[in-house]
1. So, in nm, how far is label Ala198 from label Arg181 when the simple model puts each one 7 Å beyond its Cα toward the Cβ?
2. May I ask you to give the percent of accessible area on the chain that is carbon plus sulfur, with a probe radius of 1.4 Å?
3. Can you give the accessible area of Tyr87 in Å² (nearest 10), computed on protein heavy atoms with a 1.4 Å probe?
4. Check Thr132: other-chain or 5+ apart residues with amide H under 5 Å from its amide H, H built from backbone geometry?
5. Please give me, ordered by residue number, the GluC sites (Glu not before Pro) of the stretch 154-262 that lie in loop per DSSP and have at most 16 other Cβ atoms within 10 Å.
6. Which of the trypsin sites (Lys or Arg not before Pro) found in the stretch 165-262 are loop residues per DSSP with 11 or fewer other Cβ atoms within 10 Å of their Cβ?
7. Once phi is turned into ³J(HN,Hα) by the Karplus curve 6.51 cos²θ - 1.76 cosθ + 1.60 with θ = phi - 60°, what whole-Hz value does each residue of the stretch 163-169 show in order, with x for glycine and proline?
8. Students sometimes get this wrong: rank His14, His205 by accessible area, probe 1.4 Å, all chains present, largest first.
Amino acid sequence: MKLDQATIARLAEHLETCELEARDTPKITDEFPDMDFEDAYAIQDAIRARKIARGNRIVGLKAGLTSHAKMKQMGVTEPVFGFMADYYTVPEGGEVKVSELIHPKVEPEIAFVTKAPLKGPGCHIGAVLAATDFVLPGIEVIDSRYRDFKFDLKSVVADNTSAARYVIGGMARPAKEVDLRTVGVVLEKNGEPVAFGAGAAVLGHPAAAIAMLANMLGAKGEEIPAGTLILSGGITEAVPVAAGDAVTLRVQGMGSVSLRFC
Ligand code: OOG
Ligand code: MG
């Protein structure tokens, strides 16, 4: 670790205030170029602790930057992991207020819900599928707190990987009944298809993103508990949205899920 506790607490407060007040900020590595990944996750953990102290619940986990399309769009080379707080949850068909966000984008994802704990190191897609209760379509709304959505990996980890809102819905399917590599996804904005892909875009198999998360937590002596919702990462590039937009994700054999921006 390169940062002291006071600096970690200050950066967590700064980034969380930007989130809560929908204000952007230059990326934090501009001021702290020597910070490392341990610092970045410590800042994210401090943001999580602030929310829990305020009475929010943590309702899920997420992997991000797990597809080449996303890595290329954001100019980075490795996946990152974050969490979802209760108020990020949008009901199926529900509304997202753009006034609460800075510059939201949507991305098509496969959501996993576990029925058994997952622990690394050595977690693999077989272990993930065995521990998965069901998978279902999910749309993640990301909203980097960084100016113009420009960041590096350490800055985006500290900023809870741009997590802002999400909706899950459609048809929940047992993971072993779906070929998650070839499953096709179509993201529509205002009735027009705007992004397409297949599950294999995420690390060859979306379950690999869940295994990576279990292995990262395992290195810290932690595990993914049973009953955890996890977003496995955007399959395509993220698509910018504005007030008035309606977004639907269709996933082959798993129905569709929608939300609106107002
Ligand atoms: C970082 C979050 C990426 C995903 O699914 O790839 C993410 C970002 O692109 O702002 O959630
Ligand atoms: Mg995502």
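The values are calculated or read from the model by the stated rules, or taken from the named source; none is laboratory data. It should be emphasised that the depicted structure is a prediction, and the values quoted were computed from it without experimental measurement. Glycine gets a Cβ as well: all are built from the backbone with ideal geometry, and neighbour counts include every protein chain shown. Protein only, heavy atoms only, side chains kept; ligands, DNA and RNA dropped before computing areas. Shrake-Rupley method; radii C 1.70, N 1.55, O 1.52, S 1.80 Å.
1. With each label placed 7 Å out from Cα toward Cβ, I get 0.9 nm.
2. For the chain, the apolar C and S fraction of the accessible surface comes to 54 percent.
3. Number for this one is 70 Å².
4. Lys115
5. Working: sites: Glu177, Glu188, Glu222, Glu223, Glu237; in loops: Glu222, Glu223, Glu237.
Passing both the DSSP loop test and the Cβ count: Glu222, Glu223.
6. Working: sites: Arg165, Lys176, Arg181, Lys189, Lys220, Arg250, Arg260; in loops: Arg181, Lys220.
Passing both the DSSP loop test and the Cβ count: Lys220.
7. Result, rounded to whole Hz: 4, 9, 8, 6, 9, 10, x.
8. So the residues, ranked largest to smallest area, are His14, His205.
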